[in-house]
Amino acid sequence: MNAAASSLLTRSLAATVVLPGTVALLVPAFLWYSPLRLLIDLGVARWAGVALLGAGALLYGWTTLDFARRGHGTPAPWDPPQKLVVSGLYRFSRNPMYVGVLSWILGAGLLLQSAGLLGYAALVGIGFHLRVVLFEEPMLQKEFGQEFADYRRTVRRWI
């Protein structure tokens, strides 16, 4: 691995610890260990959480690699891809990384049967949507112009 690739990998790992690490691990752990923890009985449906946890981890990992290999950047807003990434999972969704993080949180909520985590997942989903619509899409349109406009016309925002 050359020095540039090593640096990009290090920056991507740091971004992962800071951003999804906080949103998908630290805050859910706080909610889980909170004295206000509210458990609900989901029966066998809770095991769907395992699939969502796995899917979330896979989506996030794959898209992080796409950002590095194809976009020459990281998931961090302070170190974004330099090229618009439209291949890999980005052929099917304009925001598969957010879908992955949200899948992880939903999976944890289901598996742990936590009403608090499921409510938190709903808030995170709303927050992601607002961030994408109000900040990211206008920024990408400004930065990538017609390339992003064409991409936006052909690929759905979420799923």
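Coordinate-derived values only; no laboratory data. Predicted, not measured: the structure shown is a model, and the values here were computed from it. Every residue, glycine as well, gets a Cβ built from its backbone with ideal geometry; the counts of neighbours run over all protein chains shown.
Can you say whether Arg46 is in contact with a helix residue (DSSP H, G or I) (Cβ under 9 Å, 6 or more places away or on another chain) and more than 28 Å from Asn2 (Cα to Cα), as far as the supplied structure shows? Reasoning before the result, please.
Details: in contact with a helix residue (DSSP H, G or I) (Cβ under 9 Å, 6 or more places away or on another chain): yes; more than 28 Å from Asn2 (Cα to Cα): yes.
So Arg46 passes the test.
Ser87 - would you say it is more than 15 Å from the chain's Cα centre (by Cα) and under 30 Å from Lys142 (Cα atoms)? Judged against the criteria, Ser87 is a match.
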